[in-house]
Amino acid sequence: MHKKLQKGVPNVIGLGFAKCGTSTISRVLAEHPEVCLSSIKETNLFSYVVPDEYIDFYLSLFKHYNRERHKIVMEWSNEYIRNISNMENIKRFLGDDITFLLSYRNPFDHFRSLYFYYIMTDPYGDCRHNCQRAILDKYHRRNPWFFYDTCFERFRKVFPDSRVLVINFEDFTKNIKMSFNQLFSHLGISSFESYSTKRHNCTIAPKNIFIDKWLRRFLLVFYQGKKGKVLYRADWRYKPYWLRKIQKLNQLEMVLDDNAREFIEDKFLPRYVRFEEIVKNDPNVIVIPDRR
């Protein structure tokens, strides 16, 4: 372990997967009085080839850490699961005594979330018209990044015996209070009820980008200063009522084309099933929620 990282920073690392509810889960954990989440959720420190020079900055992200109160000190960077060198950096700097969090979801829902995300990040570009093809291109070019089983097996090469809390996001949200209580229990922290159960960082792509754009401009007249900023945030609990209402009416629906459906059913879904078998048979994995 790096000599500067010996004072309980951190003891829990979230690894992924992107667009699998990691923002919702980490925000609720951040509200827990016994959890110290980094001030930037995705620090990505260990994604650098030589992270030594960033250690002081990394420590500054946990300056709110209270030794007497915080049992869990954590960050959640979805990039970590994508590359074995990231895991090697984590091991070199933090050692083996870490609990890892890994959230995943059904391939169809994962694809849908990516679809809306890419449209919103390029609302006026070519991606809006060829989004499903663009996502498939990314899948084909970066297979080891997207397939859950490949990523987990790569992780186990570096951390063969570390404890991992694996979260099935669809099952998790069916009874979110019970699921969070299970998560708190496995993390060794007390039950906690005073948190928002609304989803965070939910990507909603509008049917008509101009309606969405002018709606926000119109509402800026009524929501000045700090309130004006929330019009551009993805956190639903912070958005004004009328913005949420009209955004839902203007929400784009996704219809899978034949190529995307064939890819998910033939390639992604079998790997998803294989991943679930791997974690089921791993003695150091705890699946949340417990389906038994």
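What pairs from Lys91/Lys177; Lys71/Lys177; Lys63/Lys174; Lys177/Lys267; Lys63/Lys177 go past 31 Å between their alpha carbons?
The answer is Lys91/Lys177; Lys63/Lys174; Lys177/Lys267.
Given H placed 1.01 Å from N in the peptide plane, which residues other than close sequence neighbours of Ile288 have an amide H under 5 Å from its amide H?
Val166, Ile167, Asn168
Sort Val287, Val255, Val273 so the one with the fewest other Cβ atoms within 10 Å of its own Cβ comes first.
In order of increasing Cβ crowding within 10 Å: Val255, Val273, Val287.
Residue-wise, which Karplus ³J(HN,Hα) couplings in Hz belong to the range 163-172, taking 6.51 cos²θ - 1.76 cosθ + 1.60, θ = phi - 60°, and x for glycine or proline?
6, 10, 9, 9, 10, 7, 5, 4, 5, 4
No lab work stands behind these numbers, since they all come straight from the coordinates. Bear in mind that the values here come from a model prediction, so they are computed numbers and not experimental data. Note that each Cβ is placed from the backbone with ideal geometry, even for glycine, and that neighbours are counted across all protein chains shown.
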